[in-house]
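Only one structure is covered here, and it is reproduced in the block below.
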Amino acid sequence: MKQKLPNPQLSVFQTFKTKGKELTGEAIRQRGIIMHLALETIPTRKTRTALAHRLAEKNGTTWQNIYSGIFRDLDEILLPLGIVEEAGRLPIKRGPKALQEEGVPYYQLNEGGLLVAASLEEMEKERQTLMEQFFEKNSNSKDKDFKKSMLLLLNVAPIFVSSILRKYVEAYSIGKIDHLVPFDANSVRNALDESIIIQRELLEGFSTLSNSDREPVINFIKSIG
């Protein structure tokens, strides 16, 4: 029996300690899996083998070389963490009888997976849609103002929202918070670091200024931006 990792850890923001901001191979694979599942809708293109072919093509290698890593990322990390879930089984006509009877699994992102996908810089164009999908899946959330604010800010301050999402997922990755969902004001507050607190102070302070005082502040921010 294959041994499972006792404490699976999301690695989408993991970098080499000696190479600055260069992502590790594990981070690149997990990002590839999550982005592919966020964008793909056809079940036959969401199996392990289909994922291996897609990521191999993107990274200039063979699917056989990357398959074992994808298998491990799914079975030992993304599935146990509840970021990815099995969406169904596809029947096959060849191969072992047991596999023909059970079918081949294909996968999808759940709520937590949608948040992770939205936090990736590569998903900038899809971020609005991903967050709308996320809140649709969490339509029973009690924090309606939080949902409304996040969707409004995505239109007027997308970089600010991107920063919140990244810090939130990073906090989860290092164990600062122990869940991705529920995603609400309290959970975000627990994941904040100094940079977000500074941005919040700026926003709160700016909102107290009179119209005549806002213009020089806006001009100053533009001059250093």
> Which residues, counting only those in region 137-152, are buried (at least 16 other Cβ atoms within 10 Å of the Cβ), over 27 Å from residue 9 (Cα atoms) and hydrophobic (A, V, I, L, M, F, W, C)?
Replying inline: 146
> Do you know which residues across region 198-219 are aliphatic (A, V, I, L, M) and either under 20 Å from residue 145 (Cβ atoms) or in contact (Cβ under 8 Å) with a residue 60 or more places away in the chain (or both)?
Replying inline: 203
> Quick one: how many residues across region 164-198 are surrounded by 16 or more Cβ atoms within 10 Å (Cβ to Cβ) and part of a helix (DSSP H, G or I)?
Replying inline: 14
>> Here is a check on your reading of the model: is residue 161 closer than 20 Å to residue 197 by Cα, in the same structural domain as residue 183 (by TED's automatic domain parsing) and touching a Lys or Arg at 6+ places or on another chain (Cβ under 9 Å)?
In response: yes
>> As an exercise: evaluate residue 169 against (1) in contact with an Asp or Glu (Cβ under 8 Å, 6 or more places away or on another chain); (2) modelled with pLDDT of 90 or more and give the number of the one condition it does not meet.
In response: (1)
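Select from region 202-215 the residues that are over 18 Å from residue 165 (Cα atoms) and surrounded by 10 or more Cβ atoms within 10 Å (Cβ to Cβ) and write down the one among them that is nearest to the chain's Cα centre (by Cα).
This residue is 202.
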>> Regarding region 182-193, can at least one residue be identified that is modelled with pLDDT under 85 and out of contact with any His (no Cβ under 7 Å at 6 or more places or on another chain)?
In response: yes
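The values are calculated or read from the model by the stated rules, or taken from the named source; none is laboratory data. Here the structure is a predicted model, which is why all the values come from computation and not from measurement. Every residue, glycine as well, gets a Cβ built from its backbone with ideal geometry; the counts of neighbours run over all protein chains shown.
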